Structures are given as structure tokens and as C-alpha cells.
Amino acid sequence: MLRKGGLTPPFTQYLKHTPDPMPPSYEGTCRTYAQLIVSQVKQLGCLAEDKTLRAEVIQGPMSLYRAMSSRQKGSEPDDLRRNTAYIGDWWFSEELLETCLLHCRGLMQERNRNPTLTNLTPDRCLRVQLRRRLAIRLDWNTIKALRRLVLASNESIPVITGRGLPMEIITPGADAGRFPDRVLPVARQLLPGGDRQIWMPWTPQKSIQLWAPKGGFTPNARL
């Protein structure tokens, strides 16, 4: 909007009064919040503690995606977040999504040549790829929708990012009523993970769109 109005970055040059920097007295509070956030992520045990694990500020333009159990926004968590458009913590890059889509397109082409190769539909293939590459347990997320967050070139957000660890297909303590297969040997098999995960302590207050592959997600597709 400002560019279309004829202004040029940095836009702070047009301010008559520049905001004061954060008082040094806030440093202790900020450090405490940072330690609590890091502790929260560490307790989840989802990211490898190696050279890929770090806190960083990611800068637009870019699109980030999140797998959702429903097309509807979930309930707000009771934790450290304030003034945030909460959609969920775990996100992944557009590069990973494109890689999964490319794999599924190739598989569908092979299926057209050999119909007995697989019974996966394109949307089921995408779900399988995301579940395996991001190690999303069945009881964590049913992957019935994806959300897309678009960051403009002048937008940035702090995140914790790292390589996702392998996970069992179903959590051992999952609800037995919803997941009766949790006691079977197949539930102990591992989803490999290994791709870059992005954990957001705060989600920007902006429109977060629903995204779907061509043809959409079929309502009752199972992995």
C-alpha cells in the first residue's frame, strides 16, 4: 500500500517520532519467555538436537503450510501465546509440499500405465507423503486439510526449526476407543520423518487460507 502511494523503504524515514527502544528492564522478562518456549518445544521430543536445530527469524516473501485435522480453526491453547492468530504450532515449507506433489504426480502417471501398482488417489498419496516425511502420528492429526500462511516481503516471524525425528505410527498412550490398533505391532512401526519442521510460538494476525491439491481432499480418505 505504501509503495503504491509513492513511498520507498525504509518507511520509518517518514515518521515524525521514532518509537523508543525496548527498555533494558524488559530483558529479563524476554529471556524468561524464551526459556519457557524452548523448554516447551524440547519436552515435545519431536526435533533432533543436532546442527539443524536453531531459533531464527524467517523473512518473507514465502508461503508456509500446516496439516490440519479439520477445515475449522481449533480451540485456543492455554499457554504463553498472546495476540496471536492461533492455527497451530507445526508448519512446513512450500519446497516440501512441492516435493510431495511431484512424487504423487509421478506415482499417478505410473498407475495410469499399470493400474495394479497402487490404489492411492492423489490426495491420499499427498497425505501419506506428509505423514511419513513429517512423522505425523495418526492420533496427532488426521490431515483433512492444509492451511497456508503467506508472508509478504516486509514480514518476518521468529521460529524454532529443525529436523523432525522418527515417530511411531500411533502414540502408545492413544485413546484405545479411537485407536484400537495401538496395541498391534504395526502401530510400533516408525514414520521416518527427517524433513525440516518449523515451530511457531506466535502466528501472525492475518488471513490464513485453506489450501487443497487439485481435486481437493476426499472426505473419508484413509492412509
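The values are calculated or read from the model by the stated rules, or taken from the named source; none is laboratory data. Since the model is a prediction, treat every value here as computed from it, not as a measurement. Backbone-built Cβ (ideal geometry, glycine too); neighbour counts: all protein chains shown. With ligands, DNA and RNA removed, areas are computed over all heavy atoms of the protein, side chains included. Shrake-Rupley method; radii C 1.70, N 1.55, O 1.52, S 1.80 Å.
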Two decimals, Cα atoms only, Kirkwood Rh: what is Rg/Rh over segment 93-138? 1.01
Classify segment 108-223: rounded, prolate or oblate, from the alpha-carbon gyration tensor (a ≥ b ≥ c, eigenvalue square roots; a/c under 1.5 rounded; otherwise prolate if a/b is larger than b/c)? oblate
The chain - mean residue ellipticity at 222 nm from DSSP helices (-39,500 (n - 2.57) per run, n ≥ 4, rounded to 500): -7500 deg cm²/dmol
Along the Cα→Cβ direction, 7 angstrom out, place labels at R113 and V183. What is the inter-label distance in nm? 4.6 nm
K206 versus Y33: modelled label distance in nm, points set 7 Å from Cα along the beta carbon direction: 2.0 nm
Could you report the chain's accessible area per residue, 1.4 Å probe, as an integer in Å²? 63 Å²
Relative to the longest principal axis of the C-alpha atoms of the chain, give the angle of the C-alpha long axis of helix 94-113, reported between 0 and 90° and rounded to the nearest 10°. 20 degrees
Considering Cα pairs under 8 angstrom that are at least six residues apart, work out the relative contact order of the chain and quote it in whole percent. 29 percent
Ignoring ligands, DNA and RNA, please state the percent of accessible area on the chain from carbon and sulfur, probe 1.4 Å. 54 percent
Are there cysteines in the chain with no other Cys C-beta under 4.7 Å, and if so, which? C30, C46, C100
Within the chain, longest stretch clear of exposed GluC sites (Glu not before Pro) (DSSP loop, no more than 15 other Cβ within 10 Å): 50-154
Once the in-chain neighbours fewer than 8 apart are removed, the lysines whose Cα is under 16 Å from K144 read K73, K214
L15 accessible area, 1.4 Å probe, all protein chains in place, Å² to nearest 10: 90 Å²
For mean projected area of the Cα convex hull in nm², with candidates (i) 16.1; (ii) 16.9; (iii) 12.4, the value calculated from the shown model is option (ii)
Extreme residue, positive dipole direction of the chain, given options M68, G5, L117 (C-beta unit charges): L117
Kindly write out, for segment 189-205 in residue order, the coupling ³J(HN,Hα) from the Karplus curve 6.51 cos²θ - 1.76 cosθ + 1.60 (θ = phi - 60°), rounded to whole Hz, with x marking Gly and Pro. 5, 9, 7, x, x, x, 8, 5, 10, 10, 9, 9, x, 9, 9, x, 7
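Quick one: net charge around P213, please, counting Lys, Arg +1 and Asp, Glu -1 for every other residue with C-beta under 13 Å from its C-beta.
For residues surrounding P213, the net value is +4.
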